């Protein structure tokens, strides 16, 4: 799917793996952090949709633009080194990925994966928070396991790895919400 979106620039299925995993993982983590913080503070669940959607798009945009600026800076640096060097141009280690395309991939992965924790609140399922934990856990595992499509690691190892890291981040957010819940 990403290959079709990005067109001719994609030469291998794993070319944008870092951007996809980084964006998807952060989209799930930060959105679930909002959900967990609100649940931990025992605030009204309707707040989840407002803050969750605001976070999803604002943080996704920020990550995409940060990726753009980072990649653009790297390319500018390489150009500067090339101009100052008599040894010729430095090797292009990542195949010349476009800053705009890496930004788009990061933003897209963030937003698509980041909806998982909000689904129970969107469909008004009850109890929403425990279901959100389940949706989030499944999303972490699936995104992690999907890395095996372009790596040699076992799908279940990749899935469990991402699940554990993501759920630890969610536990931190829930704990902070619980500790600071009395302030709201």
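Output the residues belonging to region 163-184 that are surrounded by fewer than 15 Cβ atoms within 10 Å (Cβ to Cβ), at pLDDT below 80 and assigned to a helix (DSSP H, G or I). Break it down stepwise before answering.
Initially, region 163-184 is screened for residues surrounded by fewer than 15 Cβ atoms within 10 Å (Cβ to Cβ), giving 164-165, 168, 171-172, 175, 179-180, 182-184.
Within this subset, residues satisfying the condition of being at pLDDT below 80 are 182-184.
Result: 182, 183.
Residue count for region 88-105 under the criterion of being farther than 16 Å from residue 17 by Cβ and modelled with pLDDT under 60: the result is 5. Can you work out which of the residues in region 116-150 that are in contact with a helix residue (DSSP H, G or I) (Cβ under 7 Å, 6 or more places away or on another chain) and outside any helix (DSSP H, G or I) is nearest to residue 17 (Cα to Cα)? Restricting to residues being in contact with a helix residue (DSSP H, G or I) (Cβ under 7 Å, 6 or more places away or on another chain) and outside any helix (DSSP H, G or I), the top hit is 150.
Among the numbered criteria (1) under 30 Å from residue 121 (Cα atoms); (2) surrounded by 12 or more Cβ atoms within 10 Å (Cβ to Cβ); (3) at pLDDT 90 or above; (4) out of contact with any helix residue (DSSP H, G or I) (no Cβ under 7 Å at 6 or more places or on another chain), which one does residue 63 miss? Among (1) under 30 Å from residue 121 (Cα atoms); (2) surrounded by 12 or more Cβ atoms within 10 Å (Cβ to Cβ); (3) at pLDDT 90 or above; (4) out of contact with any helix residue (DSSP H, G or I) (no Cβ under 7 Å at 6 or more places or on another chain), the lone unmet condition for residue 63 is (4). When 145, 116 are screened for being surrounded by 19 or more Cβ atoms within 10 Å (Cβ to Cβ), without any contact (Cβ under 8 Å) to a residue 24 or more places away in the chain and within 17 Å of the chain's Cα centre (by Cα), only 145 passes. Confirm whether residue 154 is crowded, with 17+ Cβ neighbours inside 10 Å and out of contact with any strand residue (DSSP E or B) (no Cβ under 9 Å at 6 or more places or on another chain). No; evaluated as a whole, the condition is false for this residue. Could you tell me whether residue 38 is more than 24 Å from residue 102 (Cβ to Cβ) and free of Cβ contacts under 8 Å to residues at least 24 places away in the same chain? Answer is no for this residue. The condition of being part of a helix (DSSP H, G or I), modelled with pLDDT under 95 and under 18 Å from residue 28 (Cβ atoms) does not hold for residue 112.
The values are calculated or read from the model by the stated rules, or taken from the named source; none is laboratory data. Everything numeric here is computed off the predicted structure, so don't read it as measured data. Please note: Cβ atoms are built from the backbone with ideal geometry, for glycine as well, and neighbour counts cover all protein chains shown.
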